[in-house]
Amino acid sequence: ARLVLLGALAISTSVFAQAPAAMDPALLAAPPNLREGATIIKWKPDYTYETVKKGTNRLVCFDISGMAGQQAFSVECTSIANLARVAQNLKFEAEPDRAKRQAALDAAEKNGTRAKPEFGSVWYHVRGADRDHSRTHTTIAVPGATTASLGLPENASQGGVWIMDAGTSTAHLMTPGQ
């Protein structure tokens, strides 16, 4: 399992090529080799979605720019298996009060209603004030993972890949420089 995760990490940290201006903005977060086959969705205000383009691979991409709790420019791609988690994230992130938002997240985690992401799935993000002032961020979902289960540290002190939110459904691998 560790080898698979490290292989996914190597792929996820590749440099993203500049996308053509005519391309759907939702695809900006997708690795170039997955763009053509990606599904594109559009989120509705009630956190359901419509499919804009049905893809041929398991990657789903969406533009959430300007939605409540999101940056002015924000596009994401992840596994299609994570859509329930994304919908839940969007609902939680719409809460402007940080303490209330965190309390709701903690309650969902504790009572088991927090949707779990697909283990080993990659989350690609491009966010910023606008498209020209954005940055990429890539993480790999490892729900429930700890140092004991993966052999990776649970903080960034060693300077390499580490597990953020270890032991929770939110656990994910943080990649240096991302």
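Cβ separations smaller than 8 Å between residues 6+ apart or across chains give no pair from region 149-178 residues that are within 26 Å of residue 92 (Cβ to Cβ) and outside any loop (DSSP other than H, G, I, E, B) to residues that are open to solvent by less than 70 Å² (accessible area, probe 1.4 Å) and among the basic types (Lys, Arg). Of all the residues in region 93-126, those that are aromatic (Phe, Trp, Tyr) and modelled with pLDDT under 95 number 0. The lone criterion from (1) over 30 Å from residue 167 (Cβ atoms); (2) at pLDDT 95 or above left unmet by residue 25 is number (2). Residues in region 61-78 that are open to solvent by less than 20 Å² (accessible area, probe 1.4 Å), of a type outside the set (Val, Ile, Thr) and either modelled with pLDDT under 95 or within 12 Å of residue 30 (Cβ to Cβ) (or both): 61, 62, 76, 77.
Look at region 23-38: where a residue is of a type in the set (D, E, K, R) and a partner is crowded, with 17+ Cβ neighbours inside 10 Å and modelled with pLDDT under 95, sitting 6+ places away or on another chain with Cβ atoms under 9 Å, you get 35/19.
The values are calculated or read from the model by the stated rules, or taken from the named source; none is laboratory data. Just so we're clear, the structure is a prediction, and the values are computed from it rather than from any experiment. Virtual Cβ from ideal backbone geometry, glycine too; neighbours counted across all protein chains shown. Heads up: the accessible areas ignore ligands, DNA and RNA and are worked out on the full protein's heavy atoms, side chains in. Shrake-Rupley method; radii C 1.70, N 1.55, O 1.52, S 1.80 Å.
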